[in-house]
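Each remark here refers to the structure printed beneath this line.
The values are calculated or read from the model by the stated rules, or taken from the named source; none is laboratory data. Only a predicted model underlies this, so the values are computations on that prediction, with no experimental measurement involved. In this analysis, Cβ positions are derived from the backbone assuming ideal geometry, glycine residues included, and neighbour counts consider all displayed protein chains. We work out accessible area using only protein heavy atoms, side chains counted, and drop any ligands, DNA or RNA first. Shrake-Rupley method; radii C 1.70, N 1.55, O 1.52, S 1.80 Å.
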Amino acid sequence: RGGRPTRALVTGGAGGIGRALVRALAAERIPVVLSDRSLAAAEAARAEIAAEFPEAQLSAAVLDVTEAADFVRLAREAGPFDLLVNNAGLGLVGEVRDLSLEDWEPLVAVNVWGVIHGVQALYPEMASRGRGWILNVSSGAGLAPRPGMTPYATTKAAVIGLSASLRAEAAPLGVRVCCACPGYVGTGIQDASRFVGVSRERLLGGIPLRPLSAERCAELLVRGLARNHALIFPNRVTRWEWWLGRISPWLGGVLGRWRGGRIRAARLDAPSAA
């Protein structure tokens, strides 16, 4: 039941934390299938990483995590996998009063159903073999209030709940389930996220933190996976915020309201936005 993975599948592997995780696994000489919705992006990322690690066994594949059949097909064509990294995700910034159901739906499809599809496609076989690893990439947003990011926080909290329960269920069967909760990481997800009713420039320009590099984040996630940590915190601030909410929910609420104030100040209809 110990040892190390022999073949990994990483979703959303063409950029950000996913690409950095592929690179970190390649450095450990773990064969990886780098998947992404865009085959061209996956191939380009694979080529770059392969040039850095010529001995690594890397392949690229197209995979839309919102399609359960894509996971089944890839498991049949490129598996079996004993490490699944559910990394693909979408972001959204905006107050709930400005959103519609259509704004929620893509986040639930990718951030929640994408993880469920991966787990249902690969976990049963891992359990039957008595060996496997699953790393679900959630977010610190799932552990503490994130006003202005409520749909995103909702989906990431769901991933944390899924991971905790599956971890307890899977451990006796030899499968380790870990959940990553990164904070502010320099991946470009902020630029790729949709902003509804909020100024992207004003909000991002006021973040009082330096982002953790995607490469350093990936190193810490792989280390946490090897140590079988239930929750992996690559950012210290996220860990402290989680502990603050556990020790003093009132103080956690104060921090949440402060975050909410920053979102309201960045609204497009705020007086200073004129």
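Rounded to the nearest 20, the size of the Cβ-charge dipole of the chain about its Cα centre is 1040 debye, with Lys and Arg at +1 and Asp and Glu at -1.
Under 1.5 on a/c is rounded, so check that first for region 112-239, then, if it is not, pick prolate when a/b is larger than b/c and oblate when it is not; a ≥ b ≥ c are the square roots of the alpha carbon gyration tensor eigenvalues. Prolate, since a/c reaches 1.5 and a/b exceeds b/c. In percent, rounded to a whole number, the relative contact order of the chain is 19, using alpha-carbon pairs under 8 Å and six or more apart. From the Cα gyration tensor of region 95-148, with a ≥ b ≥ c the square roots of its eigenvalues, which class applies: rounded if a/c is under 1.5, or else prolate if a/b is larger than b/c, or else oblate? The shape class here is oblate. Among complete DSSP H helices in the chain, those whose alpha-carbon atoms stretch at least 27 Å along the helix's long axis and whose mean Kyte-Doolittle hydropathy reaches 0.0 are 150-170. Net charge dipole, region 195-258: roughly 120 debye, given to the nearest 20, about the Cα centre with Cβ charges of +1 for Lys and Arg and -1 for Asp and Glu.
Here the scattering of region 35-183 is modelled by Debye summation over its C-alpha atoms, one equal scatterer each and no solvent; at q = 0.11, 0.12 Å⁻¹ the log10 of I(q)/I(0) is -0.47, -0.56. Using a cutoff of 8 angstrom between alpha carbon atoms and counting only pairs six or more residues apart, the relative contact order for region 69-222 works out to 28 percent.
Ranking ARG146, ARG46 by solvent-accessible area of protein heavy atoms (1.4 Å probe, all protein chains present), from largest to smallest, gives ARG46, ARG146. Once you put a point 7 Å from the Cα of ASP98 and another 7 Å from the Cα of ALA192, both along the Cβ direction, what distance in nm separates them? So the label points at ASP98 and ALA192 sit 2.2 nm apart.
Quarter the surface of the alpha carbon convex hull of the chain and you get the mean projected area, 14.6 square nanometres. Oblate is the label for region 16-94, because the ratio a/c of its alpha-carbon gyration tensor axes (a ≥ b ≥ c) is 1.5 or higher and a/b is not greater than b/c. Ligands, DNA and RNA aside, ASP269 has an accessible area near 110 Å² when probed at 1.4 Å. Between VAL237 and GLU48, the simple spin-label model (points 7 angstrom out along Cα→Cβ) gives 2.5 nm. Rolling a 1.4 Å probe across all protein chains gives MET149 an accessible area of roughly 50 Å². Residues ILE263, ILE116, sorted by accessible area with the largest first, give ILE116, ILE263 [1.4 Å probe; ligands and nucleic acids excluded].
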